[in-house]
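Okay, structure first, notes after.
The values are calculated or read from the model by the stated rules, or taken from the named source; none is laboratory data. Predicted, not measured: the structure shown is a model, and the values here were computed from it. Here the Cβ is made from the backbone with ideal geometry for all residues, glycine too, and neighbour counts use every protein chain on show. Calculation scope for accessible area: heavy atoms of the full protein, side chains included, ligands and nucleic acids excluded. Shrake-Rupley method; radii C 1.70, N 1.55, O 1.52, S 1.80 Å.
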Amino acid sequence: MASVPFELRGKSVYVAGHRGMAGSAIVRRLVREDVNLVTVDRREVDLC
């Protein structure tokens, strides 16, 4: 694999839109890393 521009290992990563096409792909990729993955359903949070 190519070198990573920055290290995510051990960090918390929030993914907005984790149920959409792009968001779910990002979540699938991050699951393979050693990160604290944070997702919240749209009914539980207002990002406005």
## Note on the structure
Among the residues of region 16-48, the number that are hydrophobic (A, V, I, L, M, F, W, C), open to solvent by less than 60 Å² (accessible area, probe 1.4 Å) and in contact with a His (Cβ under 8 Å, 6 or more places away or on another chain) is 1
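Answer with yes or no whether residue 23 is at pLDDT 90 or above and assigned to a loop (DSSP other than H, G, I, E, B). Walk me through how you get there before you give the answer.
On the way: at pLDDT 90 or above: yes; assigned to a loop (DSSP other than H, G, I, E, B): no.
Answer is no for this residue.
Yes/no matrix, rows are residues, columns are (1) assigned to a loop (DSSP other than H, G, I, E, B); (2) in contact (Cβ under 8 Å) with a residue 24 or more places away in the chain:
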| site | (1), (2) |
| --- | --- |
| 6 | yes, no |
| 9 | yes, yes |
| 13 | no, yes |
| 28 | no, no |
| 45 | yes, no |
### Query
Which condition number does residue 8 fail, the rest of (1) surrounded by fewer than 13 Cβ atoms within 10 Å (Cβ to Cβ); (2) at pLDDT below 90; (3) not aromatic (Phe, Trp, Tyr) being met?
(1)
